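To keep things clear, I will list the structure first and then write my remarks on it.
Just so it is clear, none of the values below were taken in a lab; they were calculated from the coordinates. Bear in mind the structure is a predicted one, so any value in this text is a computation, not a measurement. As a convention, Cβ positions derive from the backbone with ideal geometry for all residues, glycine included, and neighbour counts pool all protein chains shown.
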Amino acid sequence: MRILIDSREQLPFAFSGSHFEDVTTESGSLSTGDYSIAGLTDLVAVERKSLDDLAQCLGRERDRFERELVRARGLDAFAVVVEGSFEDLAHGRYRSKLNPHSACQSVLSFSARLGVPFLFAGSRAGAEYATAGFLRQYLKGMQGKLKAIEKAAESGA
């Protein structure tokens, strides 16, 4: 799997180690998200957020962030992967004066209204694993669909 990492990503995942033996990476420009699959950037993306960054996006950068989430609705699959837990968010373990209750309610609102999943991965390593896994599962689904189309074409259906 070739993961495309947005060139503006400040702390990109390395995707190195035994869980990522099938992963190669390249830098490029993504219109939505920080990570995607090369050749499928118009179909799938992952937006990575540290807990501090998420708090900013739910506070003073909310309008920009919401526009990105709305834009992501045009993709087949999109997720926000957070380098922290929902409990961390609920207890305000971030550098911001944003009220923790408001932060949690914003995440739940975006999920309910826009259908955007927020995957709270607990840590940076967990977020890296979740990002690769989300993209890998999307790719597997697409490969399954392609095989079904090829099988139908072979049988003359």
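Annotation: amide H-H contacts under 5 Å for Arg60 (H modelled 1.01 Å from N, sequence separation of 5 or more, or interchain): none.
Distance between Cα centroids, region 119-157 to region 74-117: provide it in whole Å. Taking the Cα centre of region 74-117 as reference, the centre of region 119-157 is 24 Å away.
With R₀ fixed at 35 Å, the C-beta to C-beta distance from Glu154 to Ser123 puts the FRET efficiency at about 0.15. Placing R0 at 35 angstrom, the Cβ-Cβ distance between Glu26 and Glu61 gives a FRET efficiency of 0.80 after rounding to 0.05. Comparing Thr32, Thr24, Thr41 in a Gaussian network model of the chain, where Cα atoms under 10 Å apart are tied by springs, the biggest mean-square fluctuation is seen for Thr24. Per-residue extension of 0.36 nm, minus the Cα-Cα distance of His101 and Lys147, leaves a gain of 12.0 nm for this segment. For region 1-107, how big is the tail of P(r) above 15 Å, as a whole percent of Cα pairs? Beyond 15 Å sits 65 percent of the P(r) for region 1-107. Entry note, the chain: relative contact order of 21 percent, from Cα contacts under 8 Å with a spacing of 6+ residues. The packing ranking, built from the mean of other Cβ atoms within 10 Å per residue, places the peptides 120-129, 9-18, 144-153, 45-54 in the order 45-54, 120-129, 9-18, 144-153, highest first.
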